[in-house]
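Undergrad: The structure under discussion is supplied below as structure tokens; questions concerning it will follow.
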Amino acid sequence: MTPHPVPAELDRSRIPHHVGVIMDGNGRWAGRRGLPRQSGHEQGEVALFDTLEGALTLDLRWLTVYAFSTENWKRPPTEVAFLMNFNRDLLLRRADDMDRMGVRVRFIGRRDRATDALRAKMAELEEDTAANDRLELWIAFDYGGRAEVVEATRRLVDEGVEARDIDENAIAARLYAPEMAEPDILIRTSGEQRISNFLLWQLAYTELVFVETLWPDFGERDLRHALGEYAGRRRRFGGR
């Protein structure tokens, strides 16, 4: 496939391979407009696919988005129910689009607390897009970084691994998705400056970019700006 041109302001050699995004601000976007919160989630879908198109244009290889955290279960039951149905319907509506775009869709996190219909659609979409190789879209659903590390630790115990044999590689191999590359950059929208239990292990040396834009207003232009900021940084990984 012929690569898409990268704009002059972005150095191709500085385009990251893996971008993580905390999609924050749907509720505030709706509230400022006197709309119900679900309207913010609906507009957030538009933002997601605009961002996805931008990621493809820039030839990113991995994009991981935080869709639903382990803490989101604390939200009002009506909102949680809406999000479960909304995520299922989103996958139904957009499955063909993502396949046509050459996007491989994968999920990271728990699935046992999702509805049967949502679990089935997640598995179907993973299977249907498994051969796509233009971009890997990881969707963090019912995901928590602490829970992931706890689960990895439990696996070590269950496997009878001796304490002296436990190192970073042993833990990393037992995370939810050991094959996932560590993000080069994490973008969080809405002006909040925290990582909210997202990919705690994987973000050890990730560059963090916080933007004021609420998620429903985010898109390809904002992605380019964030990557431009990343391109101007020097990654030292603990060195000088």
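Undergrad: Need the failing condition index for T57 against (1) at pLDDT 95 or above; (2) surrounded by fewer than 22 Cβ atoms within 10 Å (Cβ to Cβ), just the number.
TA: T57 satisfies every listed condition except (1).
Undergrad: Which one is farthest from L83 (Cα to Cα) among residues in region 113-132 that are modelled with pLDDT under 95 and part of a loop (DSSP other than H, G, I, E, B)?
TA: The extreme case among them is R113.
Undergrad: Going by the conditions given, is E71 farther than 23 Å from L186 by Cα, surrounded by fewer than 19 Cβ atoms within 10 Å (Cβ to Cβ), touching a residue at least 24 places away in the same chain (Cβ under 8 Å) and of a type in the set (D, E, K, R)?
TA: Working: farther than 23 Å from L186 by Cα: no; surrounded by fewer than 19 Cβ atoms within 10 Å (Cβ to Cβ): yes; touching a residue at least 24 places away in the same chain (Cβ under 8 Å): yes; of a type in the set (D, E, K, R): yes.
Criteria not met by E71.
Undergrad: What pairs come out if I take residues in region 30-47 that are over 16 Å from N85 (Cα atoms) and pair them with residues that are in a loop (DSSP other than H, G, I, E, B) whose C-beta lies under 8 Å away, six or more apart or interchain?
TA: A30/P36; A47/M23; A47/F218; A47/G219
Undergrad: Filter region 50-82 for residues that are outside any helix (DSSP H, G or I) and among the hydroxyl-bearing types (S, T, Y); which is farthest from G102 (Cα to Cα)? Please lay out each step first, then the result.
TA: Applying the first criterion (outside any helix (DSSP H, G or I)) to region 50-82 yields 58-69, 75-76.
Filter once more, so that each one left must be among the hydroxyl-bearing types (S, T, Y): 64, 66, 69.
Details: T64: 16, Y66: 21, S69: 27 Å.
Step by step, filter region 50-82, then rank; the result is S69.
Undergrad: Residue by residue through region 14-38, note down the ones that are modelled with pLDDT of 95 or more, out of contact with any Gly (no Cβ under 9 Å at 6 or more places or on another chain) and surrounded by fewer than 19 Cβ atoms within 10 Å (Cβ to Cβ).
TA: If the condition is that a residue be modelled with pLDDT of 95 or more, out of contact with any Gly (no Cβ under 9 Å at 6 or more places or on another chain) and surrounded by fewer than 19 Cβ atoms within 10 Å (Cβ to Cβ), then R32, G34, L35 are the ones that fit.
Undergrad: Across region 10-29, what is the number of residues that are farther than 22 Å from F82 by Cβ and out of contact with any Ser or Thr (no Cβ under 9 Å at 6 or more places or on another chain)? Steps first, please.
TA: Step one: list which residues in region 10-29 are farther than 22 Å from F82 by Cβ, which gives 10-20.
Okay, now just the ones that are also out of contact with any Ser or Thr (no Cβ under 9 Å at 6 or more places or on another chain), so 10-17.
Total satisfying the criteria: 8.
Undergrad: For the condition of a type in the set (D, E, K, R) and either farther than 17 Å from E179 by Cβ or surrounded by fewer than 20 Cβ atoms within 10 Å (Cβ to Cβ) (or both), what is the one hit in E148, E136, E126?
TA: Working: E148 fails: either farther than 17 Å from E179 by Cβ or surrounded by fewer than 20 Cβ atoms within 10 Å (Cβ to Cβ) (or both); E136 fails: either farther than 17 Å from E179 by Cβ or surrounded by fewer than 20 Cβ atoms within 10 Å (Cβ to Cβ) (or both).
Every option except E126 fails the conditions.
Undergrad: Of the conditions (1) in a helix (DSSP H, G or I); (2) surrounded by 14 or more Cβ atoms within 10 Å (Cβ to Cβ); (3) among the hydrophobic types (A, V, I, L, M, F, W, C); (4) at pLDDT 90 or above, V46 fails just one. Which one is it?
TA: Single failed check for V46: (2).
Undergrad: Give the residue, chosen from E192, E151, E136, that is in a helix (DSSP H, G or I), out of contact with any helix residue (DSSP H, G or I) (no Cβ under 8 Å at 6 or more places or on another chain) and among the charged types (D, E, K, R). Walk me through how you get there before you give the answer.
TA: Details: E192 fails: in a helix (DSSP H, G or I); E136 fails: in a helix (DSSP H, G or I).
Of the residues listed, the single one that is in a helix (DSSP H, G or I), out of contact with any helix residue (DSSP H, G or I) (no Cβ under 8 Å at 6 or more places or on another chain) and among the charged types (D, E, K, R) is E151.
Undergrad: In addition: Could you please tell me which pairs satisfy a Cβ distance under 6 Å, a separation of 6+ or placement on different chains, a first residue in region 223-240 that is more than 14 Å from L208 (Cβ to Cβ), and a second residue that is surrounded by fewer than 16 Cβ atoms within 10 Å (Cβ to Cβ) and modelled with pLDDT of 80 or more?
TA: A231/R14; F237/Y205
Undergrad: Further question: In region 94-109, which residue that is touching a residue at least 12 places away in the same chain (Cβ under 8 Å) and in a helix (DSSP H, G or I) is surrounded by the most Cβ atoms within 10 Å (Cβ to Cβ)?
TA: M98
Undergrad: Scan region 178-202 residue by residue and report those that are among the aliphatic types (A, V, I, L, M), crowded, with 17+ Cβ neighbours inside 10 Å and closer than 20 Å to R106 by Cβ.
TA: Keep residues of region 178-202 that are among the aliphatic types (A, V, I, L, M), which gives 180-181, 185-187, 195, 199-200.
When the remaining residues are screened for being crowded, with 17+ Cβ neighbours inside 10 Å, the result is 180, 185-187, 195, 199.
M180, I185, L186, I187, L199 - these are the residues of region 178-202 that are among the aliphatic types (A, V, I, L, M), crowded, with 17+ Cβ neighbours inside 10 Å and closer than 20 Å to R106 by Cβ.
The values are calculated or read from the model by the stated rules, or taken from the named source; none is laboratory data. Note that the structure is a prediction, hence the values are computed from the model and not measured. In this analysis, Cβ positions are derived from the backbone assuming ideal geometry, glycine residues included, and neighbour counts consider all displayed protein chains.
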